[in-house]
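K.L.:
Pasting a structure below so you can have a look.
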Amino acid sequence: MRPDREERIDEVLDRLNRKRSEECGKMQCKVCWYVYDPDQGCEMFEIEPGTAFNDLPDYFTCPNCGSAKTMFIPFYEEDES
Ligand SMILES: [Zn+2]
């Protein structure tokens, strides 16, 4: 079994990055750097663990500083390495 063509390493990394952000979907408040983790949910808004950021109710705001959902940006843990 042979692949039709070899993937370049940057294509592989790009694909993995996209996959990871879709799967884990952590989002960070760009005002106070609070990170919303879908695996944990948010007790303050009674968000069940496993709730994707996109599925958060409209009344959800940053539990730390009160910023709207639109102030959140995708969070990548590997940025520093
Ligand atoms: Zn915040």
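The values are calculated or read from the model by the stated rules, or taken from the named source; none is laboratory data. Bear in mind that the values here come from a model prediction, so they are computed numbers and not experimental data. Virtual Cβ from ideal backbone geometry, glycine too; neighbours counted across all protein chains shown.
K.L.:
Kindly provide the set of residues from region 27-72 that are at positive phi and within 15 Å of the ligand (Cβ to nearest atom), ordered by number.
P.N.:
Trp33, Gly66, listed by residue number.
K.L.:
Which pairs do you get when a residue that is part of a helix (DSSP H, G or I), found in region 27-51, comes within reach of a residue that is within 12 Å of the ligand (Cβ to nearest atom), reach meaning Cβ atoms under 9 angstrom, with the pair 6+ apart or on two chains?
P.N.:
Glu43/Pro63; Met44/Pro63; Phe45/Phe60; Phe45/Thr61; Phe45/Pro63
K.L.:
Could you go through region 58-81 and let me know if any residue there is under 22 Å from Leu16 (Cα atoms), part of a loop (DSSP other than H, G, I, E, B) and more than 15 Å from the chain's Cα centre (by Cα). Quick ask: steps written out before the conclusion?
P.N.:
Applying the first criterion (under 22 Å from Leu16 (Cα atoms)) to region 58-81 yields 72-81.
Pick out the ones that are also part of a loop (DSSP other than H, G, I, E, B) and you get 75-76, 81.
Next cut, more than 15 Å from the chain's Cα centre (by Cα) only: 81.
There is at least one residue in region 58-81 that is under 22 Å from Leu16 (Cα atoms), part of a loop (DSSP other than H, G, I, E, B) and more than 15 Å from the chain's Cα centre (by Cα).
K.L.:
Which count do you get for residues in region 1-50 that are at pLDDT 80 or above and of a type in the set (S, T, N, Q)?
P.N.:
The number of residues fulfilling the criteria is 2.
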